[in-house]
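Below is one structure, written out as structure tokens; comments come after it.
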Amino acid sequence: MKKLLLVLALFVTVQSKAQFANDSLLNVVIHDQSGSEQATPLVASRADGGAYISWFDQSTGSYVLKMNRIDAAGNKLWGATGIVVSNAPQNTALFRYDLKTDQLGNAVVAFQDQRTGSMQIVVQKLDSTGTAFFATNGIVLQDADGSEGLSPVIGILGNNNIVVAWNEYSSTTKWVCFYELNPLTGQPITGTAPQRIKSLTTGTGYSRPYVLPLGNTQYYLQYVQEVGSFPGATCKMYVQKFDTAYSSVWSTPIVLSSKTISFFYFPTVISDGGTGLLCSFNTSNPTNASLTSVYLQHLDSAGVTWSATGTALTSSTSIQSYMGSYVHHSATNETWIALQVTNTSQSAAGGSLQRVNASGALLMGTDGVVVDAQTSDIIYPFGIAQNGNDAVILYTVGGYNNQKIKGTAIDSMGVKQWAFGQKEICSTLSNKDDMSSTPFMNQSLIVVWSDTRLDNGIYAQNLNDDGTIGPHAVGLNTISYSSEGVQMINPSSFLSMQFTDSRLGSTEINIYAIDGRKVFSKMADNTNSEIQLTETANLPSGLYIVSLNNRQSLKWMKQ
């Protein structure tokens, strides 16, 4: 006999207040104004499950930097269209910039504008109400020896100091500049000129920095050495470790890998969960240099790497692989990497998972395991987040102007864990760009992207760790009012609910499939505070959402 099992979780929310919906066609509109462009969004998570979202907005005729804060339910807390962080003159082109959350839950953003007559770096910090810490429009960070600064990155140290690094240019060369700033004033902690990683040799430049904090005062600075000129420059990654007052910990920088990267690739590094770092990057296939593969390298706190090159995550010459996203998985002390895998002509693309242990050994074979097979409906995995002992991969699927955003949970063998395979996060067919996401915070993550469904706007959607979107599930023990509670009773072949109060009268029951389709609706009478729906015995087995009076919901699994 089939039985109906109530899962011990309830949605406790008032739908009129929550912005995240359980309909993947109804994503939260951060800002999308017809006739203008909202572009290049970034997202930074907060410990309360909410997030800061920044973007460049053209609705006034020229680009300004704007930001909004959303709570865990998707409510916009800084107005319908956000606040202006800086309206200083911008270039007609937009460049890479960075957004982070500091140790106290404030937002720190570093960008570039033309207020001085040329592109220069600007940093601003805002508290949870949107109030700026620094000067109006932010503080300019500039190198007197350079003519232009671009592509800043941020690192927040344990003591809350802010490290900002960027590419600096002159008419003949490029180099890396960086400051460590006081978190209250935005002023350099030491000196007035930025620190530089700069070559005296003609034809050698440095660019593409990335900052990884290490404890209260130390940080790793990864950067790229470029020898020669575009498009034939040889690009190699280096790392230096710094301490208080810009003191170099190692006598010479460490070569992260003898493998080179392309002129266009921006590598990033993540923590290994301890005192070292990990770097996954696109480079040449270990057997056929004309093909692309992905490598993973580890660097410990003493400056020692796994090997000269790092570990190749794929080696087959019948495929090409590209970095999607990677995460240090604390439950397994491994690195999980979501790869885009294509045929050699790149006419079809799918998604694969590779895992690497703390010693650099492959755990999923020489090419990883296929999560989604190659298809001409191009799949691009842009995010991966640890979800307990598993992980969730986020990806786009579809060609230009015909893309959706999906998520799927996988175990350590790459096997999909949700009964429905994957969850559509955004079902609107349009072009998606600049996708980014938060880690799981309070059993939910947030995805942000630019979307051309209207013209070009910014959208967001949450994804819960059980594969649902919309209102977040909480345990029964967190319900604050028993008069709205529902108790779990013995499983049976149909849905039966018992209320904790003695309410009588009619209750509107709506049942939704996990993809958001309404599959059952009824006005039911409470008899002795109990509702029995024998009709639900005819529903197929699976996970459902039961909505009561459109005010609260519970999840149940029909087996």
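Laboratory data are not the source of any read-out in this text; all were calculated from the coordinates shown. Every value quoted in this text rests on a predicted model; they were computed, and no experiment measured them. Reconstructed Cβ throughout: ideal geometry from the backbone, glycine too, with neighbour counts over all protein chains shown.
By the count of other C-beta atoms within 10 Å, a proxy for reagent exposure, TRP175, TRP250, TRP166 are ordered fewest to most as TRP250, TRP175, TRP166. Arranged from fewest to most other beta-carbon atoms within 10 Å of their beta carbon, CYS426, CYS235 become CYS235, CYS426. Modelled this way, with points 7 Å down the Cα-to-C-beta line, the labels at SER229 and ALA80 are 5.3 nm from one another. Among THR428, VAL153, THR81, which residue has its Cα furthest toward the positive end of the charge dipole of the chain, with +1 on Lys/Arg Cβ and -1 on Asp/Glu Cβ? The Cα lying farthest towards the positive end belongs to THR428. Listed by chain and number, the lysines whose alpha-carbon sits under 26 Å from that of LYS259, ignoring those within fewer than 8 places in the same chain, are LYS174, LYS198, LYS236, LYS241. Relative to the current alpha-carbon distance between THR252 and ASN401, full extension at 0.36 nm per residue lengthens the span by 48.9 nm.
Computed from phi, the 3J(HN,Hα) profile of segment 332-338 under the Karplus parametrisation 6.51, -1.76, 1.60 (θ = phi - 60°) reads 10, 6, 10, 10, 9, 10, 8 Hz, with x in place of Gly and Pro.
Could you tally the net charge around TRP175, taking each other residue with its Cβ under 13 Å from the Cβ of TRP175, Lys/Arg +1 and Asp/Glu -1?
That sum, taken over residues with Cβ under 13 Å, equals -1.
Of all aspartates and glutamates in the structure, the ones whose alpha carbon falls short of 14 Å from that of LYS416, not counting any fewer than 8 places away in one chain, are ASP372, ASP390, ASP465, ASP466. Using R0 = 45 Å, the C-beta based FRET efficiency linking ASN442 and THR375 works out to 0.85.
In terms of surrounding Cβ atoms within a 10 Å radius of their Cβ, ILE509, ILE162, ILE189, ILE458 rank from fewest to most as ILE189, ILE509, ILE162, ILE458. Charged neighbours of SER128, selected by a Cβ distance under 15 Å, balance to +1 (K, R count +1; D, E count -1). With Rh defined as the Kirkwood radius, the inverse of the mean 1/r over Cα pairs, the Rg/Rh of segment 380-442 is 0.98. Let me know the shape class of segment 340-411, please: from the alpha-carbon gyration tensor, a ≥ b ≥ c as square roots of the eigenvalues, rounded when a/c is under 1.5, otherwise prolate if a/b is greater than b/c, or oblate. It is oblate, given that a/c is not under 1.5 and a/b is not larger than b/c. Across the options VAL356, PRO194, ILE531, the greatest Cα extent toward the positive end of the charge dipole of the chain (unit charges at beta carbon of Lys, Arg, Asp, Glu) belongs to ILE531. Extension gain for THR192 to ASN288 (0.36 nm times residue separation, less C-alpha to C-alpha distance): 29.7 nm.
Cross-link partners among lysines for LYS522, C-alpha distance below 24 Å, same-chain residues fewer than 8 apart left out? Qualifying lysines at Cα under 24 Å: LYS2, LYS3, LYS555, LYS558. Entry note, the chain: relative contact order of 14 percent, from Cα contacts under 8 Å with a spacing of 6+ residues.
Taking the Cα centre of the chain as reference, the dipole from Cβ charges on Lys and Arg (+1) and Asp and Glu (-1) amounts to some 300 debye. Each peptide in 205-213, 121-129 gets a packing score, the mean of other Cβ atoms within 10 Å over its residues, and the list from highest to lowest is 205-213, 121-129.
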